[in-house]
1. State the number of residues belonging to the range 241-269 that are part of a loop (DSSP other than H, G, I, E, B) and either out of contact with any helix residue (DSSP H, G or I) (no Cβ under 7 Å at 6 or more places or on another chain) or over 30 Å from K202 (Cα atoms) (or both).
2. Which one is most open to solvent (accessible area, probe 1.4 Å), of the residues in the range 198-220 that are farther than 20 Å from G234 by Cα and in contact with a Ser or Thr (Cβ under 9 Å, 6 or more places away or on another chain)?
3. For the range 183-202, name all the residues that are in contact with a helix residue (DSSP H, G or I) (Cβ under 6 Å, 6 or more places away or on another chain) and in a loop (DSSP other than H, G, I, E, B).
4. Mind telling me which of the residues F156, F143, F191 ends up being touching a strand residue (DSSP E or B) at 6+ places or on another chain (Cβ under 6 Å) and within 30 Å of A70 (Cβ to Cβ)?
5. Of all residues in the range 360-385, how many are in contact with a Pro (Cβ under 8 Å, 6 or more places away or on another chain) and among the acidic types (D, E)?
6. Out of the residues in the range 180-197 meeting the condition of being aromatic (F, W, Y) and under 29 Å from L169 (Cα atoms), tell me which one is surrounded by the most Cβ atoms within 10 Å (Cβ to Cβ).
7. Filter the range 319-346 for residues that are within 28 Å of Y163 (Cα to Cα) and in a helix (DSSP H, G or I); which is most open to solvent (accessible area, probe 1.4 Å)?
8. Residue check, I336 against (1) touching a Leu at 6+ places or on another chain (Cβ under 6 Å); (2) farther than 20 Å from A222 by Cβ, all met but one. Which one?
Amino acid sequence: MEKILVINGGSSSFKYQVIEKGTERRLCQGLVEKIGAADSMLTHKRFNENGETEKFPYPGNYATHADGMAKVAEVLLNRELGGVIDDKSEIVVIGHRVLMGGPDYQEALVDETVKQVIRDYIPLGPLHNPANLTGIEAMEKIFPGVPNVAVFDTGFHATMPDYAYTYALPKELCAKYHLRRYGFHGTSHRFVSKAAAALLGKKPSEVNVIVAHLGNGSSLSAVRAGKCVDTSMGTTPLQGVVMGTRCGDIDPALVPFLMKNEGLTTDQMDALMNKKSGYLGLCGHSDCREIEAGMAAGDADCKLTYEVQCYSVRKYVGAFMAALGHTVIIAFAGGIRENAAGVRAKILENLEEFGIEIDPELNKIRSGEPHFISKPGSRVKVAVIPTDEELEISRISLEIVGK
């Protein structure tokens with residue numbers, strides 16, 4: 001049985017899955033979190049053929065990503081520990097989510113050139129790129145001879161036209177520091193845009209899609225005929241809509257203003273915008289469920305946060321409808337996709353003149369399958385589509401190695 005190992009790495013954690021080739025059945029998944037901390041933890045789940053889940057927690061001192069991956073390999077190769085692999089030869093490819101690969105790479109078979117590209121973009125991905133590279137090199141040692149594929153988070157957005165990705169800064173500085181709109185969540189946007197076309201019974205090349213990947217980190221993309229033509233995030237994930245702890249779009253002059261008047265260093269200002277702003281900065285909560293509970297209890301700050309959240313997404317939906325010219329479907333994905341029917345309704349309310357009509361009853365349905373939430377007569381269809389980044393990475397990885 002041939003299998004694909006997928007590594008979805010973050011700066012201090014990584015998720016993984018083993019997927020069976022052909023059937024695309026998920027055999028196991030896990031999470032190594034709090035890497036570098038004394039209470040780091042590996043939580044491993046194995047799925048049997050009846051759909052039942054076995055859970056295996058492994059607390060430990062995983063000082064680096066490599067330490068965590070060594071433990072994961074130990075578990076995967078031992079049935080008693082929760083493993084699903086009897087021999088290393090069963091793994092035909094290892095797919096890695098890598099944050100930043102620049103404008104020239106969407107996905108690639110890992111070699112020394114690709115590794116150097118990952119290193120070159122460390123200044124724009126200082127937390128993720130080093131961890132992603134560590135993960136690749138760890139897997140090369142653990143599974144020698146098995147091809148590794150880098151699937152870049154920025155990759156799907158590499159098709160944007162120059163007028164969409166260019167910043168109006170001195171071009172010499174943009175060239176020197178590789179400054180442009182890159183966008184993130186690319187694997188999710190790619191998966192969801194293709195799934196949206198499939199839900200319509202069409203090919204990706206036949207539809208224009210707006211994807212709203214909404215969670216603690218959120219981004220939108222405008223996808224024309226299967227290709228991204230614009231996205232809300234920029235050189236970093238800070239740009240775009242208001243998020244759980246990120247401020248999103250603000251007047252850039254506020255940065256030197258606050259640094260001067262509050263005596264903030266560059267690191268402190270960066271932390272303020274990325275970790276202390278957004279929903280958290282407005283009302284003290286970064287979780288949408290807590291915000292809605294506060295709003296129901298009459299908390300004015302929570303109510304304002306809810307309004308700001310929905311309005312910031314609504315503006316991008318309108319902007320991307322203009323960018324596409326003709327929108328066939330709007331697809332919601334991410335955590336808010338599952339849990340916040342009210343947010344979806346608020347984002348798209350009173351947009352009948354734009355051809356968008358939400359069905360309130362369909363919008364209440366919670367399902368693990370793609371489904372429409374728009375009225376049958378809505379000119380622009382609206383759908384909720386569960387994203388699956390790991391499955392998309394596995395598919396891309398197989399394509400790259402020709403399996």
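1. Within the range 241-269, the first condition is being part of a loop (DSSP other than H, G, I, E, B), and the residues that meet it are 241-253, 263-265.
Next, only the ones that are either out of contact with any helix residue (DSSP H, G or I) (no Cβ under 7 Å at 6 or more places or on another chain) or over 30 Å from K202 (Cα atoms) (or both) stay: 242-253, 263-265.
Final tally of qualifying residues: 15.
2. Kept after step one, since they are farther than 20 Å from G234 by Cα, are these residues of the range 198-220: 198-208.
In the following step, the residues that additionally are in contact with a Ser or Thr (Cβ under 9 Å, 6 or more places away or on another chain) were identified as 204, 207-208.
Numbers: P204: 50, V207: 4, N208: 24 Å².
Looking at residues that are farther than 20 Å from G234 by Cα and in contact with a Ser or Thr (Cβ under 9 Å, 6 or more places away or on another chain), I get P204.
3. Pass one, the range 183-202, residues in contact with a helix residue (DSSP H, G or I) (Cβ under 6 Å, 6 or more places away or on another chain): 183, 186-191, 194, 197.
Across the range 183-202, the qualifying residue is only G183.
4. Details: F156 fails: within 30 Å of A70 (Cβ to Cβ); F191 fails: touching a strand residue (DSSP E or B) at 6+ places or on another chain (Cβ under 6 Å).
Exactly one residue qualifies, and that residue is F143.
5. 1
6. Residues of the range 180-197 that are aromatic (F, W, Y), as a first pass: 182, 184, 191.
If we keep only those that are under 29 Å from L169 (Cα atoms) too, we end up with 182, 184.
Details: Y182: 30, F184: 27.
It comes out as Y182.
7. Once the filter is applied, the top-ranked residue is A322.
8. Here I336 meets the rest and fails (2).
The values are calculated or read from the model by the stated rules, or taken from the named source; none is laboratory data. The model shown is predicted, which means the values in this text are computed figures rather than measured ones. Using ideal geometry, Cβ is built from the backbone for each residue, glycine included, and neighbour counts are taken over all protein chains shown. Just the protein is used for accessible areas: all its heavy atoms, side chains included, with ligands, DNA and RNA removed. Shrake-Rupley method; radii C 1.70, N 1.55, O 1.52, S 1.80 Å.
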